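Each remark here refers to the structure printed beneath this line.
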Amino acid sequence: MERKSIYLLLITCFLTMGSFCKASPYNPIQEKFINDIYIFLNTNGYNVSYNSESGEINLVSNQLTYKISLDESSNNPFFISIYIDFNMTSLDSSEYSRLFALLNYTNSSSEFTKAFLMVNDDMRILDFTIEGLYLDSNNYKAAIVKYIQSIEGSVNTFFKMFNDKSIQ
C-alpha cells in the first residue's frame, strides 16, 4: 500500500471510531461489529455514513439509501438487518389488494429479501429487508454485497410491476 493510502485509511478509522463512540446505542462488542462493516463498505467504494443516534449505517447505492443496523439486545450471535423503505402514505386504499398481490409475488421471487407494508395510523411504509444472525462481521461482509443486489432487484421488480397499471 502506498503511504498516502495508509494515512487515508488511518484517518478514516480514527474518524469512524470517534463517530461510533458518540452516543452509540451499542455495547463495545457491537460497536466493533458495526465499525468493521462500515470500514469494509467504505474501503470497497460504497457511499456510507454513520448515524450515531440510531447506530445505523446509511449506505447509498444506485440512488437508493439502505440502512444497516444491529439489534441492541443481541450480543452473540448478532442479529443484523439491512433494509430500505418507501413512504406509501399517498397510496389510495383501493390499491391495497393489488399492492399485497405484488408484495406476495416479490417475496416469492426473491431468495433473501422480504417485502412488507407497515401501516400505523396515517403512515404507510413499504419495507424491503434482509435479516439474519451472524457470529462475526466477516460472515456478514461475505454476504452483504449479495444482499444489496437482492434488495435492489426486489425493489426494481416491485416498482416495475406497481407502475404497470395493466398488472392486476
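Quick one: in the stretch 30-63, of everything that is of a type in the set (A, V, I, L, M) and closer than 21 Å to residue 75 by Cβ, which residue is farthest from the chain's Cα centre (by Cα)? Full working, then the answer.
In the first step, residues of the stretch 30-63 are kept if they are of a type in the set (A, V, I, L, M); the result is 34, 37, 39, 41, 48, 57, 59-60.
Checking the rest, the ones that are also closer than 21 Å to residue 75 by Cβ come to 34, 37, 39, 57.
On the way: 34: 12, 37: 12, 39: 15, 57: 8 Å.
Within the stretch 30-63, the match that is farthest from the chain's Cα centre (by Cα) is 39.
So how many residues does the stretch 105-151 have that are more than 19 Å from residue 57 (Cβ to Cβ) and among the small types (Gly, Ala, Ser)?
Selection size over the stretch 105-151: 4.
Among the candidates 167, 80, which residue alone is at negative phi and surrounded by 14 or more Cβ atoms within 10 Å (Cβ to Cβ)?
Working: 167 fails: surrounded by 14 or more Cβ atoms within 10 Å (Cβ to Cβ).
Answer to the selection: 80.
Please identify the pairs in which a residue from the stretch 150-168 that is farther than 17 Å from residue 114 by Cα has its Cβ atom under 7 Å from the Cβ atom of a residue that is assigned to a helix (DSSP H, G or I), counting only partners at least 6 apart or on another chain.
Taking only residues 6 or more apart or on different chains, the pairs are 167/161; 168/98.
In the stretch 22-47, how many residues are open to solvent by 20 Å² or more (accessible area, probe 1.4 Å) and within 20 Å of residue 147 (Cβ to Cβ)? I'd like the intermediate steps shown before the answer.
Narrowing the stretch 22-47 to residues open to solvent by 20 Å² or more (accessible area, probe 1.4 Å): 22-25, 27-29, 31-32, 36, 38-40, 42-47.
Narrowing the set further to residues that are within 20 Å of residue 147 (Cβ to Cβ) leaves 36, 38-40, 42-47.
Here the count works out to 10.
Take the conditions closer than 21 Å to residue 138 by Cβ, surrounded by 13 or more Cβ atoms within 10 Å (Cβ to Cβ) and modelled with pLDDT under 90 and apply them to residue 50. Does it pass?
Working: closer than 21 Å to residue 138 by Cβ: yes; surrounded by 13 or more Cβ atoms within 10 Å (Cβ to Cβ): yes; modelled with pLDDT under 90: no.
Taking the combined requirement at face value, the residue does not satisfy it.
Restricting to the stretch 86-111, what's the tally of residues that are modelled with pLDDT of 85 or more and open to solvent by less than 60 Å² (accessible area, probe 1.4 Å)?
Our first condition is that a residue be modelled with pLDDT of 85 or more; within the stretch 86-111, this holds for 86-90, 98-111.
If we keep only those that are open to solvent by less than 60 Å² (accessible area, probe 1.4 Å) as well, we get 86, 88-89, 98-99, 101-103, 106-107, 110.
Residues flagged as modelled with pLDDT of 85 or more and open to solvent by less than 60 Å² (accessible area, probe 1.4 Å) within the stretch 86-111 amount to 11.
Kindly indicate the residue of the stretch 60-73 that is under 19 Å from residue 26 (Cα atoms) and in contact (Cβ under 8 Å) with a residue 12 or more places away in the chain and also surrounded by the fewest Cβ atoms within 10 Å (Cβ to Cβ) among those meeting that condition. I'd like the intermediate steps shown before the answer.
Looking only at the stretch 60-73, we keep the residues that are under 19 Å from residue 26 (Cα atoms), and these are 67-73.
With in contact (Cβ under 8 Å) with a residue 12 or more places away in the chain added as a condition, the list becomes 67-70, 72.
Working: 67: 16, 68: 24, 69: 19, 70: 25, 72: 13.
The extreme case among them is 72.
Among residues belonging to the stretch 139-168 that are modelled with pLDDT under 90 and of a type in the set (D, E, K, R), point out the one that is farthest from residue 68 (Cα to Cα).
The residue in question is 165.
Pairs, please: C-beta under 7 Å, at least 6 apart or cross-chain, first residue charged (D, E, K, R) and in the stretch 119-147, second exposed (fewer than 13 other Cβ atoms within 10 Å of the Cβ) and part of a strand (DSSP E or B)?
Going by the 7 Å Cβ cut-off, the qualifying pairs are 127/118.
Among the residues of the stretch 131-154 satisfying the criterion of being of a type in the set (A, V, I, L, M) and open to solvent by less than 10 Å² (accessible area, probe 1.4 Å), which is nearest to residue 32 (Cα to Cα)?
Just the residues of the stretch 131-154 that are of a type in the set (A, V, I, L, M), to begin with: 133, 135, 142-145, 148, 151.
Restricting the remaining residues to those that are open to solvent by less than 10 Å² (accessible area, probe 1.4 Å) gives 144, 148, 151.
Details: 144: 17, 148: 22, 151: 25 Å.
In this case the residue turns out to be 144.
So which pairs qualify, if the first residue must be in the stretch 95-112 and without any contact (Cβ under 8 Å) to a residue 60 or more places away in the chain and over 12 Å from residue 155 (Cα atoms), the second must be surrounded by 15 or more Cβ atoms within 10 Å (Cβ to Cβ) and of a type in the set (Phe, Trp, Tyr), the Cβ gap must be under 7 Å, and the two must be at least 6 apart or on different chains?
Hits for this filter: 112/147.
The values are calculated or read from the model by the stated rules, or taken from the named source; none is laboratory data. Given the structure is predicted, the values throughout are model-derived calculations rather than measurements. When we count neighbours, we look across all protein chains shown, and the Cβ atoms used for this are built from the backbone with ideal geometry, even at glycine. Remember, those area values only see protein heavy atoms, side chains included, never the ligands or the DNA or RNA. Shrake-Rupley method; radii C 1.70, N 1.55, O 1.52, S 1.80 Å.
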